[in-house]
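So the structure is just underneath, and the comments pick up after that.
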Amino acid sequence: AAAEPRCPSCAAGAERRLLEEAAKRQLLEKLRLRERPRLSHVVPRAAVARALRRLQAGGTRRGPDDDDRGYEIISFAEPEPMSSSGLGLQFQFSHTQDQDIHILQAQLWLYLRVPQDMVASLTLRIFLAGEEGDLVGGNRTLLSERQLSAKGSGWHAFTLTPAMQRFFGGRRRTLRLELESHGDRGDITAIVNASWSHQPFLVAKAKVWDPGHHVAKR
Amino acid sequence: SLRCSQNSNFCCRKDYYVDFRDIGWNDWIIKPEGYQINYCVGQCPTHVAGSPGMASSFHTAVFNLVKANNIQASGHSCCVPTRRRPLSVLYFDRNSNIVKTDIPDMIVDACGCS
């Protein structure tokens, strides 16, 4: 290096590279990532913007268990092939084996399309299907059943907290929805379209516990 | 906190902003658009280290009084962060889920002498 002619910008360039590398390492370490994520599929920007606006409008409640180590995760649904028993929504979560993820609360947001000037009386059942999408009549668990009255089209949130912990045990999980209308109109639909801005999404508040973390019992 | 200038060698905060576009990370980090990676650098001589605004704690003031009075004391003050703030990050994970998290103590706001 001593034999090289001196250039004033070389030191600055080296410092810049060093700081950029430090920033990368710091962020990856704090986000508990081994490497930068390579995105498996692209979520439409309109869906992202709409989901974030929806959550922002609803406000973020912070519970007593929340602290700065918490995560909020928004997962967008991918449609499963239709079957006679309802609508399949697939969500993917992945984590490394050494992370113990604890779900504090979770909500499924679903856009219901109801014809204008109509009040729909509905029953929505949400099932957790088996690991490999064992959907029809097989291995599935009822997570939530809700009676709801929907006037016009709009977003609805369904709390799933107690059962959501099981979601994080598997790599790829499917929610199956059954929507039963109690009127004579059968044209109420839940929107599921990967290219549509009303794509259903799941919001979870989670906390990662380090191995060896002990919780005092009271 | 003092921000570093060309003329000073004393403990100060050096500011540097990493733009995620420059490192090709803007495809998976939604917000913020960059990271203010400040750091502390500079000397902490005895007459500076114990002065108000530069001492990181009351311990520093006492320690520097002890040193100034030639009472046996080893070690010397270092320029360290004295105030930090968290960074909120909104990003895509490898399954294209959006994750929002607050990382504590990520941005150095002020520096002082230990």
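The values are calculated or read from the model by the stated rules, or taken from the named source; none is laboratory data. In this text the structure is predicted, and so the values were computed from the model without any measurement. Cβ coordinates were reconstructed from backbone atoms using ideal geometry, including for glycine residues, and neighbour counts include every protein chain displayed.
Descriptive notes on the structure:
- Residue in the stretch A:51-72 that is β-branched (V, I, T), modelled with pLDDT under 75 and not in a loop (DSSP other than H, G, I, E, B) present: no
- Members of the stretch B:92-105 found to be at the interface with chain A (Cβ under 7 Å from one of its Cβ atoms) and assigned to a strand (DSSP E or B), listed by number: B:F92, B:I98, B:V99, B:K100, B:T101, B:D102, B:I103, B:P104
- Only a single criterion out of (1) within 14 Å of chain A (Cβ to nearest Cβ); (2) surrounded by 13 or more Cβ atoms within 10 Å (Cβ to Cβ); (3) touching a residue at least 24 places away in the same chain (Cβ under 8 Å) is not satisfied by B:V18, namely (3).
- Tally, over the stretch B:24-59, of residues that are surrounded by 14 or more Cβ atoms within 10 Å (Cβ to Cβ), assigned to a loop (DSSP other than H, G, I, E, B) and more than 9 Å from chain A (Cβ to nearest Cβ): 8
- If the condition is being within 18 Å of B:D109 (Cβ to Cβ) and not in a strand (DSSP E or B), then the stretch B:6-23 contributes B:C11, B:D15, B:Y16.
- Pair list, Cβ under 9 Å, 6 or more apart: the stretch A:79-93 residue within 14 Å of another protein chain (Cβ to nearest Cβ), other residue modelled with pLDDT of 70 or more and surrounded by fewer than 14 Cβ atoms within 10 Å (Cβ to Cβ): A:Q92/A:S40
- Qualifying residue in the stretch B:12-35 (condition: among the polar types (S, T, N, Q) and in contact with a helix residue (DSSP H, G or I) (Cβ under 6 Å, 6 or more places away or on another chain)): no
- Among the residues of the stretch A:34-49, those that are part of a loop (DSSP other than H, G, I, E, B) and within 10 Å of chain B (Cβ to nearest Cβ) comprise A:E35, A:R36, A:P37, A:R38, A:L39, A:S40, A:H41, A:V42, A:V43.
- Residue within the stretch B:60-69 that is free of Cβ contacts under 8 Å to residues at least 40 places away in the same chain, surrounded by 15 or more Cβ atoms within 10 Å (Cβ to Cβ) and in a loop (DSSP other than H, G, I, E, B) present: no
- The residues of the stretch B:79-91 that are of a type outside the set (V, I, T), more than 19 Å from A:E29 (Cα to Cα) and either buried (at least 16 other Cβ atoms within 10 Å of the Cβ) or within 14 Å of chain A (Cβ to nearest Cβ) (or both), listed by number, are B:C79, B:P81.
- Residue count for the stretch A:29-42 satisfying the condition of being surrounded by 14 or more Cβ atoms within 10 Å (Cβ to Cβ) and over 14 Å from B:D27 (Cβ atoms): 4.
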